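Asker: Dropping a structure here in structure tokens format, bear with me for questions.
The values are calculated or read from the model by the stated rules, or taken from the named source; none is laboratory data. What you see is a predicted model; the values in this text were computed from it and never measured. Here the Cβ positions follow ideal geometry from the backbone for every residue, glycine too, while neighbour counts run over all protein chains shown. The protein model used for the area step is the full one, side chains on, heavy atoms only, and it has no ligands, DNA or RNA in it. Shrake-Rupley method; radii C 1.70, N 1.55, O 1.52, S 1.80 Å.
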Amino acid sequence: MRRDRNRRGSAKAPRDNATQPRSRAAARAPQSPESAVIVVLRKAARPLRLDEVAAEFGPAGAVQAEQDLAQLVKRGEVMLNRRGQYCLREQIAGLVVGTVQGARNGDGQLLPDDGSAAIYLPAVQMREVMHGDRLAVRIEATRFRGKAQGTIVEVLERRTKEVVGRLRIESGVAYLTPDNPRIPHRVLVPSQQLGAAEDGQIVMVELTHQPSRTSGPVGRVARILGDHGAPGMETEIAIHSHSLPCEFPAAVVAEAEGFGARIPQDAIAGREDLRNMELVTIDGEDARDFDDAVWCERRSGGWRVIVAIADVAHYVRPGSPLDVEARERGTSVYFPNRVLPMLPEALSNGLCSLKPDEDRLCLCCELRVGEDGRITRSRFFEGVMRSVARLTYRDVGEFLEKPAAKYAPKLERVRERLLALHGVYKSFIRARSGRGALELDTPELKLKFDEQGKVAALVEYPRNDAHRLIEECMVAANVAAARFLDRYKVPTLYRVHGLPELDRLETLRTFLREFGLWLPAPDEVTPDHLRDLLQKIGDRPDAGLISTAVIRTMPQAVYQPGNIGHFGLALDHYAHFTSPIRRYPDLVVHRGIRQVLREGDPQELIEWHGQFPVLGQDCSFRERRADEATRSAVAWLKCFTCRTASARNSTASSRASSTSASSCSSTACRSTGCCTSPRWAPTTSAATVRASA
């Protein structure tokens, strides 16, 4: 694996009429008013007052110039100094614009828009901002643990408007302790702003004053969510504390429902017809949206595989209300008892869901795979399909274990397809092992609820070959998509996973020595070494602890336009292509592929999405936000359930009181790490790492 390989595409590629913005003239406009403002500031080569900028546009354009300046300041392209003068960010040396990411200990870091290395912000700087705010930061000469350190120059946008947490009233003073661990501030609530809220309740506070260098945030109780421990409260807290959009605007719902329930014939014209092929979906038993279907046949020297993905880009056009809302959400969010979809139900569970025996538009990846699991050829095309069966991982897993037995008609109908898929899966596994990809294959723990919405049981679901089969087919299609876009020099978002930081690897080496395990020097570590380590620990009683330490050493996978490969999967090219119903980056990849297929101009992708480094930063931020929200809800449920069970099973009331007030005696609860933090933060799991790949 190479540590860095920045290959952004920009060459000429084909125009896609089907993914045009609604106004073609607007898309081709030679120069926007905002760019004209930038030209004026650049030409002046000095800071200008508002009246000086307006004078360049005359009375007719002065109002518009002021509005454009406000937008440019919000985006960080133009800075407003303390003298009320405007200047370009590029004219100020050492200034970096990005998004704040808070930490539990009060420190934070700035994630630059251009995708460069994060900049450390000490707690004293974080006092005046909140997690998610957009800042302009000046890099200082001092460094912190090898990272650049910054000083806040300007807060460009306050993104935290509301905070959710537990209300406390002590000696007549009310304050809110935020549930989100990335927000360390206590929010003061004046007594006249309490409303009917009482001590100990979970409330939503609207900020009336943002934090500053000399004072903390102040707010008013906008909504009482309920009492601590009420059924469903953990999800409500997670949604509001992480500012997750949970209601679709009326215009978005109307646009989605306006497509109707069936595909019109004119939408099928020009597409390859796959309706006679035995394509199937394989998902979990509780899945509701089906965005991928597979088909396979044995060929001489290998296999022919088709991965058909819902053609979401046909419906979600750039700049439309659907597109704006999908980008704002970034991803669907899956709580144990609730789903916040990226797209309205009319699309996510309707026209875009590959339901059996219904015609659906799809974007397909056809792969030719050799006996060694290598992709020898691939092509992409637009199609129309009709799934012949909705299969589950459990059913397919049982079939693959005992293929000679007799099964339900829907399985027997696709017997040859499933056996071929199992064959190509085995070849993919050989290739995966050969390139040294990490292997993380632990069971998934799910929560079961009773009629009152309380957790009835924690159920462990082991993974089988059906899970792995679909996973490997999706990885292969993702690799093909990344190579396709790279070949045609199309701007896109790659899914990249860099090498672990050297200091983290050194910490891991020190930790492993205590268990008699070895890793080479940090600058020599490859995925092979970590894979071999995970295989070596096998069934050791401390395997869970060691694998968790390895996982926590890994950096997070992110979206960015520069391709540096995927360390965990040991791949040079990787992008997300297979889930456009629930991930916005996949929709961006689909648009890039359609541009090539329809001979569109790839530069239109930049016009539609803006600068791709900023888009990648936004998508990565929204993904982290969703992951943190679901983890916090799941950890809360696990902890609350285990504490309740411990208290109920205690024979002595004093012991029950002690258990309830401190930590759980339950092994399941301890394994989540939920009682080791005041906010019950779970440890990272292998399932989480698999999902983030």
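Asker: Could you say which residue among Asp311, Asp286, Asp291 is closer than 30 Å to Ala251 by Cα and surrounded by fewer than 16 Cβ atoms within 10 Å (Cβ to Cβ)?
Answerer: Exactly one of Asp311, Asp286, Asp291 is closer than 30 Å to Ala251 by Cα and surrounded by fewer than 16 Cβ atoms within 10 Å (Cβ to Cβ), namely Asp286.
Asker: Moving on. Residues of region 335-376 being under 27 Å from Trp295 (Cβ atoms), open to solvent by 10 Å² or more (accessible area, probe 1.4 Å) and under 15 Å from the mean Cα position of the chain (by Cα), which ones?
Answerer: Selection gives Pro341 alone.
Asker: Just checking: which of the helices (runs of 4 or more DSSP H) contained wholly in region 578-675 hold 1 or more residues that are modelled with pLDDT of 90 or more and surrounded by 23 or more Cβ atoms within 10 Å (Cβ to Cβ)? Show your work before the answer.
Answerer: Values: elements: 584-597, 603-609, 612-649, 653-661, 667-672.
In region 578-675, 584-597, 603-609, 612-649 are the helices (runs of 4 or more DSSP H) which contain 1 or more residues that are modelled with pLDDT of 90 or more and surrounded by 23 or more Cβ atoms within 10 Å (Cβ to Cβ).
Asker: Given the conditions (1) buried (at least 21 other Cβ atoms within 10 Å of the Cβ); (2) under 26 Å from the mean Cα position of the chain (by Cα); (3) part of a helix (DSSP H, G or I); (4) not hydrophobic (A, V, I, L, M, F, W, C), and given that Asp68 satisfies all but one, which numbered condition is not satisfied?
Answerer: Going through the list (1) buried (at least 21 other Cβ atoms within 10 Å of the Cβ); (2) under 26 Å from the mean Cα position of the chain (by Cα); (3) part of a helix (DSSP H, G or I); (4) not hydrophobic (A, V, I, L, M, F, W, C), Asp68 breaks only (2).
Asker: Does Ile263 satisfy the criteria of being under 28 Å from Leu597 (Cα atoms), surrounded by 14 or more Cβ atoms within 10 Å (Cβ to Cβ) and among the aliphatic types (A, V, I, L, M)?
Answerer: yes
Asker: OK, next. If you take the residues in region 41-57 that are of a type in the set (A, V, I, L, M) and free of Cβ contacts under 8 Å to residues at least 24 places away in the same chain, which one is nearest to Gln611 (Cα to Cα)? It would help to see each step written out before you state the result.
Answerer: Here is the first cut: in region 41-57, the residues of a type in the set (A, V, I, L, M) are 41, 44-45, 48, 50, 53-55.
When the remaining residues are screened for being free of Cβ contacts under 8 Å to residues at least 24 places away in the same chain, the result is 44, 54-55.
Values: Ala44: 25, Ala54: 27, Ala55: 29 Å.
The qualifying residue nearest to Gln611 (Cα to Cα) is Ala44.
Asker: Name the pairs: first residue in region 159-174 and open to solvent by 60 Å² or more (accessible area, probe 1.4 Å), second residue outside any loop (DSSP other than H, G, I, E, B) and hydroxyl-bearing (Ser, Thr, Tyr), Cβ to Cβ under 6 Å, at least 6 apart or on different chains?
Answerer: Arg166/Thr177; Arg168/Tyr175
Asker: Also: Gly383 - would you say it is in contact (Cβ under 8 Å) with a residue 60 or more places away in the chain, crowded, with 19+ Cβ neighbours inside 10 Å, among the small types (Gly, Ala, Ser) and not in a helix (DSSP H, G or I)?
Answerer: So Gly383 passes the test.
Asker: Against the definition (more than 19 Å from the chain's Cα centre (by Cα), on the phi < 0 side of the Ramachandran plot and open to solvent by 40 Å² or more (accessible area, probe 1.4 Å)), how does Asp539 come out, yes or no?
Answerer: When the stated conditions are applied, Asp539 passes them.
Asker: List the residue pairs whose Cβ atoms are under 9 Å apart, where the first residue sits in region 112-124 and is more than 14 Å from Asp618 (Cα to Cα), the second is among the basic types (Lys, Arg) and at pLDDT below 90, and the two are 6 or more positions apart or on different chains.
Answerer: These pairs meet every condition: Ala117/Lys147; Ala118/Lys147; Ile119/Lys147; Tyr120/Arg143; Tyr120/Arg145; Tyr120/Lys147; Val124/Arg213.
Asker: Oh, and also: On the phi < 0 side of the Ramachandran plot, touching a Phe, Trp or Tyr at 6+ places or on another chain (Cβ under 8 Å) and open to solvent by less than 20 Å² (accessible area, probe 1.4 Å), is that true of Ala238?
Answerer: Criteria met by Ala238.
Asker: Since Ala437 meets every condition but one in (1) over 21 Å from Trp303 (Cβ atoms); (2) in a loop (DSSP other than H, G, I, E, B), which condition does it not meet?
Answerer: The failed condition is (1).
Asker: Looking at Arg415 and the list (1) within 32 Å of the chain's Cα centre (by Cα); (2) open to solvent by 20 Å² or more (accessible area, probe 1.4 Å), which single condition is not satisfied?
Answerer: Failing condition for Arg415: (1).
Asker: In the set Arg495, Arg504, Arg509, which member is charged (D, E, K, R), touching a helix residue (DSSP H, G or I) at 6+ places or on another chain (Cβ under 8 Å) and either touching a residue at least 60 places away in the same chain (Cβ under 8 Å) or closer than 16 Å to Val588 by Cβ (or both)?
Answerer: None of the others qualify; the one that does is Arg495.
Asker: Here's a follow-up. I need the full set of residues from region 434-470 which are of a type in the set (A, V, I, L, M, F, W, C) and either exposed (fewer than 15 other Cβ atoms within 10 Å of the Cβ) or over 18 Å from Leu400 (Cβ atoms) (or both), in order please.
Answerer: Hits for region 434-470 are Ala437, Leu438, Leu440, Leu445, Leu447, Phe449, Val455, Ala456, Ala457, Leu458, Val459.
Asker: OK, next. Just a yes or no: is a residue in region 493-504 open to solvent by 60 Å² or more (accessible area, probe 1.4 Å), modelled with pLDDT of 90 or more and over 27 Å from Lys402 (Cβ atoms)? Even if it seems obvious, please write down each step before you answer.
Answerer: Here is the first cut: in region 493-504, the ones open to solvent by 60 Å² or more (accessible area, probe 1.4 Å) are 501-504.
From what is left, the residues that are modelled with pLDDT of 90 or more are none.
No: region 493-504 contains no residue that is open to solvent by 60 Å² or more (accessible area, probe 1.4 Å), modelled with pLDDT of 90 or more and over 27 Å from Lys402 (Cβ atoms).
Asker: Related question: I need a count of the residues in region 328-380 that are touching a Phe, Trp or Tyr at 6+ places or on another chain (Cβ under 8 Å) and of a type outside the set (A, V, I, L, M).
Answerer: 16
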